[in-house]
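The structure under discussion appears below in the form of structure tokens.
Since every read-out is calculated from the coordinates, none of them should be taken as a lab result. Nothing here was measured: the structure is a model prediction, and the numbers come from that model. All Cβ positions, glycine included, derive from the backbone under ideal geometry; neighbour counts span all protein chains shown.
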Amino acid sequence: MVVKKLEHYNIRTTRYDDTVAFYRQILGMKIGRPPGVSEDSPPTWLFDESGQAVVHLILVDPKDPEGSYSKVTRFRGEPTEQSPVSFKGSGSIDAAENFTCAAETK
């Protein structure tokens, strides 16, 4: 498989403001809300200059990380060891079938 583009990846963070500041100030990305999300919710998608949402933030309460993970689990399902990264590619993935990426789930 040939990777053509990084579509998006998810970041779980207890440091929302610092994370947003890094992506906005250092990488020049813009922040916004996913489609259909209430204006009362903090914006959690970061967009590249083409308008593609390439970073999805998952907010974790630093005072109750386990509670935060429980909410995410109810919404997204149980965490797995598969990396939460999405690529756009072409060609065969036969060579990569046995490749696993252990992602930290907490």
Arranged by the count of other C-beta atoms within 10 angstrom, fewest first, what order do Glu39, Glu7, Glu66 take?
Glu39, Glu66, Glu7
Ranking of Phe22, Phe47 by count of other Cβ atoms within 10 Å, fewest first:
Phe22, Phe47
Under the Karplus relation with 6.51, -1.76 and 1.60 and θ = phi - 60°, whole-Hz ³J(HN,Hα) for segment 20-25, x at Gly and Pro, equal 4, 4, 4, 5, 7, 7
Could you list which residues have their amide H under 5 Å from that of Lys30, counting only those 5 or more apart in sequence or on another chain, with H placed in the peptide plane?
Phe47
Using a ≥ b ≥ c from the Cα gyration tensor of segment 8-61 (square roots of the eigenvalues), is it rounded, prolate or oblate, where a/c under 1.5 gives rounded and otherwise the larger of a/b and b/c decides, a/b for prolate?
oblate
